[in-house]
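Novice: Can you keep this structure in mind? I'll have questions shortly.
The values are calculated or read from the model by the stated rules, or taken from the named source; none is laboratory data. If you're wondering where the values come from, they're calculated on a predicted model, not measured in any experiment. Positions of Cβ are generated from backbone atoms using ideal geometry, with glycine treated the same way; all protein chains shown enter the neighbour counts. These area figures cover heavy atoms from the full protein model, side chains too; ligands, DNA and RNA do not enter into them. Shrake-Rupley method; radii C 1.70, N 1.55, O 1.52, S 1.80 Å.
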Amino acid sequence: MALINIKQAVILAGGIGERLRPLTNDRPKPMVLVKGKPFLEYLINILRINDIKEVVILLGYLQEKVTEYFQDGSRFGIRIRYSISDIKDDSGTRLKKAKRFLKNNFLLLYCDNYWPLNLKKVLSFYKSKKVIASTTIYNNLDGSGEYGKENNVFIDENGYVIRYDKTRIDPRLNGVDIGFFILNKKVLRKMPNGNFSFEKEILPKLIEEKQLVGYRTNDRYHTITTPELVKKIEKILWEFL
């Protein structure tokens, strides 16, 4: 396999954030404040620590709130570029529209999940599997996931993701997908026309072709999908900046 060196991260950050209202009435989800700083700033900081040099942020709803604050990224020690599309665009469509910005291999993040990323370990696992996509799976042994003990993926003993189930009802499910994907740009070849979800349309294709593996971790992730979780995360994330 050719040398793989991840220096670019892509952040899905265009949604309306309805579950976060009223906090998202006047700002997009990644700009919700945690200890006085936008949540997105915590993500950019952990990326910079992991030697990511460029971030591409995929925007839609109230995009100017992000671009005005972060600008070109120089103030944060990282290069930031923006791909802006319609508010109604789903996650897969946003990624497809950013094609011109994407490196051959890149890290893909959700804008509402924080995890103490160790890119070297994740990348080493990805390389060992010789696939075009990996995700990060929280083992959720203590039931501290966003939905408590409920999981949304089944991963086998060899690290392959066998099932992705957002209904969280399959009793075999044994982890929580938290994003922090490593993707090869070949993934874009699997993308349909029209508006589509990365999770609903692309992940099942990758699973079927045995091209999606999961890096398992016991390190807790933190999310801001509801106002209650924002209050909870404020007691934790201050130590990461």
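Novice: Using a Förster distance of 35 angstrom, determine the FRET efficiency expected from the C-beta separation of residue 208 and residue 124, and round it to 0.05. The partial results should precede the final answer.
Specialist: On the way: r = 26 Å, r/R0 = 0.73.
About 0.85, to the nearest 0.05.
Novice: Sticking with this one: Highest first, please rank the peptides 121-128, 206-213 by the mean number of other Cβ atoms sitting within 10 Å of their residues. Provide the component values of the computation, followed by the final result.
Specialist: Details: 121-128: 16.4, 206-213: 18.5.
The packing order, highest mean first, is 206-213, 121-128.
Novice: Considering only protein heavy atoms and a probe of 1.4 Å, how much of the accessible area of the chain is carbon and sulfur, as a whole percent?
Specialist: Values: 5480 of 11470 Å².
Carbon-and-sulfur percentage of accessible area, whole number: 48.
Novice: Compute the accessible area per residue over segment 3-121, keeping the other protein chains in place, probe 1.4 Å, unit Å².
Specialist: Values: 5280 Å² over 119 residues.
So segment 3-121 comes to 44 Å² accessible per residue, rounded to a whole number.
Novice: Efficiency by 1/(1 + (r/R0)^6): what FRET value for residue 74 and residue 26, r their Cβ-Cβ distance, R0 = 35 Å, to the nearest 0.05? Walk me through the numbers before you get to the answer.
Specialist: Working: r = 26 Å, r/R0 = 0.75.
So, using R0 = 35 Å, E works out to roughly 0.85.
Novice: Show me, for segment 103-112, the HN-Hα J-couplings you get by feeding each phi into the Karplus relation (A = 6.51, B = -1.76, C = 1.60, θ = phi - 60°), rounded to Hz, glycine and proline as x.
Specialist: Here the 3J(HN,Hα) series is 6, 4, 9, 8, 9, 10, 10, 7, 7, 10 Hz.
Novice: Further question on the same structure: For an R0 of 35 angstrom, estimate the FRET efficiency from the Cβ-Cβ distance between residue 86 and residue 168 and round to the nearest 0.05.
Specialist: On the way: r = 29 Å, r/R0 = 0.84.
Efficiency for this residue pair is about 0.75.
Novice: Need one word for segment 62-185: rounded, prolate or oblate. Basis is the Cα gyration tensor (sqrt eigenvalues a ≥ b ≥ c); a/c below 1.5 gives rounded, then a/b vs b/c decides. Walk me through the intermediate numbers first.
Specialist: Details: a/c = 1.87, a/b = 1.57, b/c = 1.19.
Taking the square roots of the gyration eigenvalues as a ≥ b ≥ c, segment 62-185 is prolate.
Novice: Give, in nm to one decimal, the length gained when the segment between residue 157 and residue 67 is fully stretched (0.36 nm per residue of separation minus the Cα-Cα distance).
Specialist: Values: separation 90, 0.36 × 90 = 32.40 nm, distance 4.26 nm.
Taking 0.36 nm per residue and subtracting the Cα distance, the gain is 28.1 nm.
Novice: Is the chain best put as rounded, prolate or oblate by its Cα gyration tensor, with a ≥ b ≥ c the root eigenvalues, rounded for a/c under 1.5, and otherwise prolate when a/b is larger than b/c, oblate when not? Show your work: numbers first, answer last.
Specialist: Values: a/c = 1.37, a/b = 1.17, b/c = 1.17.
Rounded shape, in that the Cα axes give a/c under 1.5.
Novice: Using 0.36 nm per residue, how much length does the chain from residue 139 to residue 49 gain when fully extended, once their Cα-Cα distance is taken away? Each step should come with its number before you reach the end.
Specialist: Working: separation 90, 0.36 × 90 = 32.40 nm, distance 2.41 nm.
Stretched fully, the residue 139-residue 49 segment lengthens by 30.0 nm.
Novice: For residue 153, which sequence-distant residues (separation of 5 or more, or a different chain) have an amide H within less than 5 Å of its own amide H, given hydrogens modelled in the peptide plane?
Specialist: Excluding prolines and chain starts, which carry no amide H, the hits are 165, 174, 175, 177.
Novice: Kindly provide the helix-only [θ] at 222 nm of the chain, computed as the sum of -39,500 (n - 2.57) over DSSP H runs of four or more divided by all residues, to the nearest 500 deg cm²/dmol? Kindly include the intermediate steps, with their values, before the conclusion.
Specialist: Working: 6 runs with 50 residues, N = 241.
Rounded to the nearest 500, the figure is -5500 deg cm²/dmol.
Novice: So the label point goes 7 Å from the Cα of residue 19 along Cα→C-beta, right? Which residues of segment 204-226 then have their backbone N under 16 Å from it?
Specialist: Output list for this probe position: 221-226.
Novice: Under 10 Å, Cα contacts only: if you run a Gaussian network model on the chain, which one of 165, 177, 112 comes out with the highest mean-square fluctuation?
Specialist: 165
Novice: Separate question: Would you mind listing how long segment 29-101 runs along its three principal axes, going by Cα atoms, in whole Å with the largest first?
Specialist: Sorted largest first, the three principal extents are 29, 25, 18 Å.
Novice: Let me ask something else. When the Karplus curve 6.51 cos²θ - 1.76 cosθ + 1.60 is applied with θ = phi - 60°, which whole-Hz ³J(HN,Hα) does each residue of segment 19-24 get, with x for Gly and Pro?
Specialist: 5, 9, 4, x, 5, 9
Novice: Continuing with the same structure: Given 37 °C and 0.692 mPa s, how large is the Stokes-Einstein diffusion coefficient of segment 123-206 in µm²/s, with Rh as the Kirkwood radius over Cα pairs? Display every interim value, and only then the final one.
Specialist: Numbers: Rh = 13.8 Å.
The diffusion coefficient I find is 239 µm²/s.
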